[in-house]
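Q: Sending over a structure as structure tokens; questions will come in a sec.
Since every read-out is calculated from the coordinates, none of them should be taken as a lab result. Please read all numbers here as calculations on a predicted model, not as lab measurements. Counting neighbours? That spans all protein chains shown, and the Cβs are built from the backbone with ideal geometry, glycine included.
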Amino acid sequence: MARIIDIASRDAQEAAIGELRAGRCIAIPTETVYGLAADATNGVGVATIFAMKGRPRFNPLICHVDGLAMAETIGVFDPVSRKLADHFWPGPLTLVVALRKDSDVHDLVTAGLDTVAIRAPAGPSQAVIHAFGKPLAAPSANRSGRISPTQARHVGDEYHDEPLLVLDAGPAKVGLESTIVKVGNGHIVLLRPGGICKEELEALSGLPVIEPQASTGIVAPGMLESHYAPEAGMVLDIRDCPQGAALLAFGSGKGKDRSRASCIRNLSEAGDLAEAAAGLYSLMKELDAGHPKLIAVEPIPAEGLGVAINDRLKRAAAPRPDKDQTR
Ligand code: TXA
Ligand code: MG
């Protein structure tokens, strides 16, 4: 049984630190999604993350820190990366930087790469990391390939049969994973769109933000095509909902036909992208819980946070090699 406790309760921090010191995983809230965390220097703890998620070992994890000083004990920050961290931390930005040779981050965290992904999450987990005094390795707290959890009870449902301590800080405010970037020579490579959009990064750094190119050889190994997947099939960019499909709507119904939907959830009546991002995963889960054959999604504008929302929807709708034959 997962044990969900309010992160603001008296014993929460001590209980969390006890688990981490013992080499066990805990679930922590962040402003993006809930994470499954362990001491980044503890091989047993980190191996447990991979085992619990069913995550391939070649896919490295993000180290969560309480700020830049802790980050610099494990990574080498060039001036642009430092400027980005200074401005956007705590917040939904992950920086991939060179791994310090004297860092004691376990090899499993970086999957043996000579770089490390680091971010300082906003919210009450910051105090837990600070009190623990070491970075926490944490992927999103869903089983590999499934929808990321934005509420403590999502994590509880995912791991209901495991003795996992889940710290609860309410629904995640951003609701989409962090933006991952790596600063290159005169540009910034966007490895994963997320809570901070390209325009914000360009405005602060004065550098162009570019897509990963085969020639740079930099990719986030975890950007597998199929991800964030509900049980139901998904179709995107639908204006007129097909008969019997569950509908993930966006904006007012003007110019759209919703009359044939079996069930409707609206990401944002007002067409607000931040509201849509914050609700995306929980509304996908709600629709999926009704076991529809199909979830149809209305078009989402590809601007600002809409880029990250569309990225996640595209992966959720991608063919799933292990499942498609049976559906
Ligand atoms: O918002 C978030 O980033 C959440 C919360 C829990 O912090 N975490 C998260 O972690 O989304 P995860 O493991 O689901 O995604 C981390 C991504 C993966 O695609 C992984 O391949 C990439 O980061 N990554 C990690 N280390 C990397 C590295 N050294 N170079 C390139 N990509 C890296
Ligand atoms: Mg994930």
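Q: Given the chain, what whole percent of its Cα pairs are spread farther than 26 Å?
A: Result: 46 percent of Cα pairs exceed 26 Å.
Q: Give the peptides 27-36, 129-138, 3-12 in descending order of average Cβ contacts within 10 Å, highest first.
A: Highest mean packing first, the order is 27-36, 129-138, 3-12.
Q: Then there's this: From the residues V183, H154, A169, which one has its Cα farthest along the dipole of the range 148-194 in the positive direction, the dipole being from +1 and -1 charges on Cβ of Lys/Arg and Asp/Glu about the Cα centre?
A: After comparing all options, I get V183.
Q: Something else: For the range 50-175, what is the charge dipole size about the Cα centre, in debye to the nearest 20, if Lys and Arg each add +1 at the Cβ and Asp and Glu each add -1 at the Cβ?
A: It comes to approximately 260 debye.
Q: Something else about it: With +1 on each Lys and Arg Cβ and -1 on each Asp and Glu Cβ, how big is the dipole of the chain about its Cα centre, in debye rounded to the nearest 20?
A: 560 debye
Q: Separate question: Given the chain, what percent of its DSSP beta bridges are antiparallel, to the nearest 5?
A: Expressed as a percentage, antiparallel bridges in the chain total about 40.
Q: A further question follows. Answer with one residue from H130, T110, L99: the one whose Cα lies farthest towards the positive end of the charge dipole of the range 84-135, charges on Cβ with Lys, Arg +1 and Asp, Glu -1.
A: My answer, from the dipole projection, is H130.
Q: What is the sum of charges, Lys and Arg at +1 and Asp and Glu at -1, for the other residues whose Cβ falls under 13 Å from the Cβ of D257?
A: That works out to +3.
Q: May I pose another question? Go ahead and set up a Gaussian network model of the chain, Cα springs under 10 Å, then flag whichever of H106, H64, H160 fluctuates most.
A: For the chain, modelled as a Gaussian network with Cα springs under 10 Å, the answer is H160.
Q: Apply the a/c threshold of 1.5 to the C-alpha gyration tensor of the range 239-307 and tell me whether it is rounded, prolate or oblate.
A: Oblate is the answer for the range 239-307, as a/c is 1.5 or above yet b/c matches or exceeds a/b.
Q: If you take every residue apart from A278 with its C-beta less than 12 Å away from the C-beta of A278, what net charge results, scoring Lys and Arg +1 and Asp and Glu -1?
A: That sum, taken over residues with Cβ under 12 Å, equals -2.
Q: With both partners inside the range 47-144, how many of the DSSP beta bridges are antiparallel, as a percent to the nearest 5?
A: The antiparallel proportion sits near 75 percent.
Q: With runs of 4+ DSSP H residues as the only contributors, calculate the mean residue ellipticity of the chain at 222 nm using -39,500 (n - 2.57) per run, divided by the residue total and rounded to the nearest 500.
A: When only DSSP H runs of four or more count, the value is -8000 deg cm²/dmol.
Q: How high is the relative contact order of the range 1-116, in percent, counting Cα pairs under 8 Å that sit 6 or more residues apart?
A: 23 percent
Q: Rg/Rh for the range 1-67: what does it come to with C-alpha atoms and Rh from Kirkwood?
A: So for the range 1-67, dividing Rg by the Kirkwood Rh gives 0.95.
Q: Along the principal axes of its C-alpha atoms, what lengths does the range 9-121 span, in descending order and rounded to whole Å?
A: Extents along the principal axes, in whole Å: 37, 33, 24.
Q: By a straight-distance test (C-alpha under 25 Å), which lysines pair with K314 as possible cross-link partners, with residues fewer than eight away in the same chain excluded?
A: Within the straight-line cut-off, K314 pairs with K53, K173, K182, K198, K254, K256, K285, K293, K323.
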